[in-house]
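A.B. asks: First, the structure itself, so that you have it in front of you.
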Amino acid sequence: MDWRKKGKLISLSEQELVDCDTKGEDQGCGGGLMDDAFKFIIQNKGLTTETNYPYTAADGSCSASKEGNPAATIKGYEDVPANNEVALMKAVASQPISVAIDAGDSSFQLYESGIFTGECGTELDHGVTAVGYGESGGMKYWLIKNSCRMQRDVSAKEGLCGIAMQASYPTA
């Protein structure tokens, strides 16, 4: 999937994954793993658009009529080497990367702005997308989809909140 060739980014259906990708580790709104979602997309021969299968923020029944109209396909996926922020930075420079983080601490849940440097561990419980990185006032950070910025280049090999532990991306 190369959005640059299309000239625009296609918003794909998260709800299709919530409703239809419920085998293995993935459990709808109960969570799942990015690699399992990629396997589902490959086996299902694609993923439809957000417009065709809109997000409802709740578990629902899989709609075969909605999911039968794929807008994007992938042939595989690659895992970024675990616990390696340099490898993650190289991957993010090429495309958005699916990452898992520990978002269970209240300091993360109550984060409002700036660069998140708060308390968190490596109990991965939340999937997000790393879409960039930068530096502000001497502090390096990851840019996370939804405009969140998290400190990067920390002393822990796992990265802050475990961001470098389970990163992956689809391949066309």
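A.B. asks: Work out the count of Lys pairs in the chain where the Cα-Cα distance is under 14 Å, with the pair 8 or more places apart or on different chains. Don't skip to the answer; put the middle values down first.
C.D. replies: Working: LYS23/LYS39; LYS39/LYS75; LYS45/LYS66; LYS45/LYS75.
Number of lysine pairs found: 4.
A.B. asks: Express in whole angstrom the spacing between the alpha-carbon centres of region 46-63 and region 81-110.
C.D. replies: 25
A.B. asks: Then there's this: Calculate one ³J(HN,Hα) per residue across region 107-112 by plugging θ = phi - 60° into the Karplus curve 6.51 cos²θ - 1.76 cosθ + 1.60, and present them in order as whole Hz with x for glycine and proline.
C.D. replies: Couplings: 5, 6, 5, 9, 4, 10 Hz.
A.B. asks: While we're looking at this one, here's another question. Just checking my list (1) 15.9; (2) 10.2; (3) 9.4 against mean projected area of the Cα convex hull in nm² computed from this structure; which label fits?
C.D. replies: Comparing each candidate, only (2) matches the computed number.
A.B. asks: In whole percent, what relative contact order does region 3-74 give with Cα contacts below 8 Å and a gap of six or more residues? Could you put the intermediate results ahead of the total?
C.D. replies: Values: 101 pairs, mean separation 27.9, N = 72.
Computed value for region 3-74: 39 percent relative contact order.
A.B. asks: For the chain, what is the relative contact order in percent, using Cα pairs closer than 8 Å and at least 6 residues apart in sequence? Intermediate values should be presented prior to the final figure.
C.D. replies: Working: 337 pairs, mean separation 40.3, N = 172.
Taking the mean separation of contacting Cα pairs over the length of the chain, I get 23 percent.
A.B. asks: Pop the C-beta distance of THR51 and LYS145 into the FRET formula with R0 = 22 Å and round what comes out to the nearest 0.05.
C.D. replies: Working: r = 19 Å, r/R0 = 0.86.
Taking R0 as 22 Å, the efficiency between THR51 and LYS145 is 0.70.
Coordinate-derived values only; no laboratory data. Note that the coordinates shown come from a computational prediction; the quantities given were computed from them, not determined experimentally. No Cβ is skipped: glycine too gets one built from the backbone with ideal geometry, and neighbour counts run over all protein chains shown.
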